[in-house]
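One structure is given below, encoded as structure tokens.
The values are calculated or read from the model by the stated rules, or taken from the named source; none is laboratory data. Please read these numbers as outputs of a predicted model, since none were measured by experiment. Here the Cβ is made from the backbone with ideal geometry for all residues, glycine too, and neighbour counts use every protein chain on show. SASA here: full protein model, heavy atoms, side chains in, ligands and nucleic acids out. Shrake-Rupley method; radii C 1.70, N 1.55, O 1.52, S 1.80 Å.
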Amino acid sequence: MDNYNDEKGQQSLIYFDSYGKIIINKPNYTRGNPFSEGLASVYNGTHWGFINKNGQEIIKPQFDHSSNFKDGVANVCINKKYGLIDSHGKTLIPFEYNYLSPVFEGLIIAKKNGKCGYINPSGKIVIELTYQDATFFHNGLARVKNNGQWTTIDTLNNSSEQYSYPFDED
């Protein structure tokens, strides 16, 4: 993918096949991301939306920020609040969070009112939003920060290790 200005100065986003042939040419779009699960997020200069591999606009540009689709969902932002949508643009999780991560091991880091926890893609809180900070789950474990200490937890919020030194400072 790349973008260019035509002879009239109009910007266009283009996607190429593996042979360098233009397969999608989207005038008025300034940026785009690689395809993920059949959709690519594209930017029209003010908002993000999604197109399919035929270049058809599937979800109109309306988001201030968007992630790629992963596990059938994408996190998107409107007016500095994050929510989750499906590949048809249906809101799965309302736009009420300060941050939502991509899905990792079936869970999403959610931040709201300065606290972190984990929700699933349907919006159910799996681990209450009580932590100062949180990392992605990997092999069933994640690190969370509470009262300045990092603890390793599993997906049931059982603690296994506690560290008094900060991981987030170099």
Sorted largest first, the Cα spans of the chain on the principal axes come out in Å as 60, 33, 25
Contact order relative to length for the chain, counting C-alpha pairs under 8 Å separated by 6 or more residues, stands in percent at 9 percent
Here the net charge surrounding Glu128, from other residues whose Cβ is less than 14 Å away from its Cβ (Lys, Arg +1; Asp, Glu -1), is +4
Bridge orientation stat for the chain from DSSP, antiparallel percent rounded to 5, came to 100 percent
Within the under-14-Å Cβ sphere about Asn98, not counting Asn98, Lys/Arg +1 and Asp/Glu -1 give a net charge of +2
With a 1.4 angstrom probe the carbon and sulfur portion of accessible area for the chain, in percent, totals 47 percent
For Lys90, the lysines lying under 21 Å Cα to Cα, once residues fewer than eight places off in the same chain are dropped, come out as Lys53, Lys60, Lys70, Lys80, Lys81, Lys124
By the mean-Cβ-within-10 Å protection proxy, highest first, 123-134, 63-74, 10-21 rank as 63-74, 123-134, 10-21
Scoring segment 23-77 by relative contact order with C-alpha pairs under 8 Å, at least six apart, yields a percentage of 27 percent
